[in-house]
Amino acid sequence: MTDEKTSSPVATDGGLSAEEQRVVDEIEENDIDFLRLQFTDILGTVKNVAVPSSRAKKAFTDGIYFDGSSIEGFVRIQESDMRLKPDPSTFAILPWSDGTAARLICDVIDTSTGDPFIGDPRKVLKDALERADKMGYTVNVAPEPEFFLFEEDEDGKATTKTSDAGGYFDLAPKDLASGVRRDIIYGLEEMGFEMEASHHEVAQGQHEINFEYDDALSTADNVATFRTTVRAIAAQHDLHATFMPKPIARINGSGMHTHVSLFEDGNNAFHDESDEFNLSETAHAFLAGVLEHAPAITAVANPTVNSYKRLVPGYEAPVYVAWSDRNRSALVRKPAARVPAASRIELRSPDPSCNPYLAFAAIITAGLDGVEKGLDAPDPIRENIYEFDESTREDYGIDTLPANLGEAVDALKSDEVIQGALGEHIREKFIEAKSVEYDEFRVDVSPWEIDRYLESY
């Protein structure tokens with residue numbers, strides 16, 4: 001599989017693959033002091049173990065052991081020993097460390113079997129890509145993560161005071177964070193990212209930095225790295241970067257629009273010049289699968305209580321289960337493509353709080369299910385759905401996404417395809433964690449309720 005990241009099978013005299021030896025040599029040449037071995041828990045939080053660079057060879061040959069029972073959704077205390085296996089293709093020097101530290105993204109190994117751990121989100125995505133590979137496809141993904149920059153208080157704690165008063169595509173002096181975005185871009189480029197564009201988003205303090213598409217696994221790795229890098233470089237400017245979907249009420253929230261395409265024998269399997277929308281039968285079927293499984297995908301791609309403060313009508317949020325080739329009011333959009341290789345679909349509901357490995361796996365699995373079943377996509381909606389009343393939406397057969405995390409979890413519980421994408425272990429742990437989160441939210445009393453009701457009743 002061309003997008004599977006594995007080390008070269010050719011071993012050096014030291015028992016390392018050629019690619020692993022290249023990384024060891026680069027560590028020595030750049031005087032790297034520490035290696036951060038990174039992985040992701042089921043909630044999307046990046047974890048890391050720091051080891052001296054002198055242990056690089058050992059990390060590659062033997063792995064690094066850690067306590068899996070301390071990681072959200074991994075294993076029980078009596079089966080805690082787990083092993084990190086670094087992926088040499090993910091080596092990158094951390095730009096905010098003055099060149100003294102580097103990172104390697106790891107796969108998690110079950111020490112009791114020696115096999116990849118079934119609860120590792122990276123494995124879940126690899127399994128989805130293996131399914132695509134068996135069908136003859138490779139998968140490219142390009143996300144558009146948005147974030148807010150907030151000022152810190154005198155104690156270094158995050159506030160919700162925006163760092164600028166800019167709006168969509170504004171320039172200085174309104175966009176006071178252009179220098180921060182520049183430093184972030186420089187940092188990402190040093191880590192091997194190919195940057196596409198950056199700009200101020202709609203809301204004050206809101207920003208978007210886009211990097212070029214890549215295979216799905218590399219892209220998921222990049223999303224995790226992107227969030228870490230943005231936070232670290234923002235902190236150097238005494239700012240707090242947050243990927244919380246809706247940190248401020250009654251303004252636009254942060255999304256992570258996700259572009260997806262399939263390739264077959266090096267050609268874009270989504271492109272067809274003879275089609276009105278330049279989409280192939282494969283693309284239409286993939287799109288239909290995404291729409292059919294959209295409610296369950298939402299639980300994974302919008303995994304927090306706060307996610308649903310963004311997914312409300314009136315704030316350019318994609319809440320209507322439909323697709324369009326012209327406007328952004330539908331859940332799925334077919335962007336204009338300059339060349340056949342750029343033909344793709346864009347799912348607009350995901351937000352940057354999601355675990356990218358699980359979200360991409362859910363989207364890919366839903367689309368492949370549509371391809372396998374030969375599903376027919378509905379006709380596109382070219383009108384502005386935001387202006388439709390409920391009766392008009394019913395006439396068009398347009399459903400809405402779950403209104404809250406509880407409804408989304410219920411949708412996931414009833415969707416065997418998306419459950420299958422997650423695997424039994426993560427499905428069980430994810431549903432349990434999100435059910436608890438929603439129950440905690442339901443029993444909490446918010447400041448809004450106090451302000452509204454305390455003196456009125």
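Each reported figure results from applying straightforward, stated rules to the coordinates on display, with no laboratory input. Because the structure is a prediction, the values reported are computed rather than measured. Here the Cβ positions follow ideal geometry from the backbone for every residue, glycine too, while neighbour counts run over all protein chains shown.
So the values come out like this:
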{"read-out": "Spin-label model distance (nm) - E212 vs H237, 7 Å beyond Cα toward Cβ", "value": "2.5"}
{"read-out": "Spread of Cα-to-Cα distances over 5 Å intervals beginning at zero, given as percent, for the stretch 329-457", "value": "2, 7, 12, 17, 17, 15, 13, 9, 4, 3, 1, 0, 0"}
{"read-out": "The chain: relative contact order in percent, alpha carbon pairs under 8 Å with at least 6 residues between", "value": "14"}
{"read-out": "All-pairs Cα distance distribution in the stretch 267-367, expressed in whole percent, bin size 10 Å", "value": "16, 45, 32, 7, 0"}
{"read-out": "Three-way shape label, the stretch 18-117, alpha-carbon gyration tensor, a/c 1.5", "value": "prolate"}
{"read-out": "Residue exposure sequence - T100, T258 - by fewest surrounding Cβ within 10 Å", "value": "T100, T258"}
{"read-out": "Unsatisfied cross-links (Cα-Cα over 19 Å) in the set K161/K246; K134/K334; K134/K373", "value": "K134/K334"}
{"read-out": "Distance between the stretch 214-247 and the stretch 347-413 - C-alpha centres, whole angstrom", "value": "25"}
{"read-out": "Peptide ranges 185-196, 358-369 listed from the most packed, as the mean C-beta count within 10 angstrom indicates", "value": "358-369, 185-196"}
{"read-out": "Order by protection proxy (mean Cβ within 10 Å, highest first), peptides 448-457, 278-287", "value": "278-287, 448-457"}
{"read-out": "The stretch 224-324: relative contact order as a whole-number percent, Cα under 8 Å and 6+ apart", "value": "24"}
{"read-out": "The chain, helix-only ellipticity at 222 nm - DSSP H runs n ≥ 4, -39,500 (n - 2.57), divided by all residues, nearest 500", "value": "-11000 deg cm²/dmol"}
{"read-out": "Share of Cα-Cα pairs in the stretch 241-288 lying beyond 17 Å, as whole percent", "value": "53"}
{"read-out": "Theoretical FRET efficiency, 1/(1+(r/R0)^6), r = Cβ-Cβ of S391 and I251, R0 35 Å, to 0.05", "value": "0.75"}
{"read-out": "Hydrodynamic radius by Kirkwood, which averages 1/r over all alpha carbon pairs of the chain, in angstrom", "value": "23.1"}
{"read-out": "Sites E29 and A158 - FRET efficiency at Förster radius 41 Å, r taken between beta-carbons, to 0.05", "value": "0.60"}
{"read-out": "Protection proxy ranking, peptides 30-41, 109-120, average beta carbon neighbours within 10 Å, highest first", "value": "30-41, 109-120"}
{"read-out": "Theoretical FRET efficiency, 1/(1+(r/R0)^6), r = Cβ-Cβ of S97 and E281, R0 51 Å, to 0.05", "value": "0.55"}
{"read-out": "Estimated vicinal HN-Hα couplings, Hz - the stretch 415-420 in sequence order (Karplus 6.51, -1.76, 1.60; Gly, Pro = x)", "value": "10, 5, 5, 6, 4, x"}
{"read-out": "Linear extension gain, S112 paired with E455, 0.36 nm per residue minus alpha-carbon span", "value": "117.5 nm"}
